[in-house]
Amino acid sequence: MSYELTGTVKEILEEQTFASGFNKRAFVVTSEADKFPQEIQFECLKDKVELVNKLKKGDKVTVTFDINGREWNGKYFVNLAAWKIETGTNSSSNDDAPPPFDPADEILDEEPPF
């Protein structure tokens, strides 16, 4: 089952590569969907690390992820494994974007027949 969260990139952590060749990279997204802002850490694994390399702090993103849980030495761990990241524009450049074209806004050269 997949989940989705929208927010702003707060932090991008360094890529980790292990002796086995396995690699991962984590990033933190601030979501303001609840009463209080939530800072959620996601991980991208193996070939999905490339998705994180394209991010910048302040980017508006929608992250699609899976929840993975496991037990190790009597302790339980949960990871949010991101596998799709859709990037919007950051808030500063969004204000400069022109409004979408609406044909109803066209100025008529002659008066309409009434």
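Each reported figure results from applying straightforward, stated rules to the coordinates on display, with no laboratory input. Here the structure is a predicted model, which is why all the values come from computation and not from measurement. Glycine also receives a Cβ, built like all others from the backbone with ideal geometry; neighbour counts cover every protein chain displayed.
Listed values, structure above:
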quantity	calculated
Ascending count of other beta-carbon atoms within 10 Å, so fewest first, for Leu51, Leu13	Leu13, Leu51
Cut-off under 5 Å, modelled amide H: who pairs with Asp59 long-range	Val9
Label-reachable residues, segment 11-37, where backbone N falls under 19 Å from a point 7 Å from Ala81's Cα toward its Cβ	15-28
Net charge, Thr64 excluded, C-beta distance under 9 Å - Lys, Arg +1, Asp, Glu -1	-2
Stokes-Einstein D for segment 3-90, Kirkwood Rh over Cα pairs, 10 °C, 1.306 mPa s (µm²/s)	117
Mean shadow area of segment 47-86 over all directions, Cα convex hull, nm²	3.7
Cβ-defined net charge surrounding Gln16, 13 Å radius [Lys, Arg +1; Asp, Glu -1]	0
Links that overshoot a 22 Å alpha carbon limit, given the list Lys35/Lys60; Lys10/Lys84; Lys10/Lys75; Lys24/Lys56; Lys35/Lys84; Lys10/Lys48	Lys10/Lys75; Lys35/Lys84
Trypsin sites (Lys or Arg not before Pro) within segment 1-87, DSSP loop, no more than 11 other Cβ atoms inside 10 Å	Lys35, Lys54, Lys56
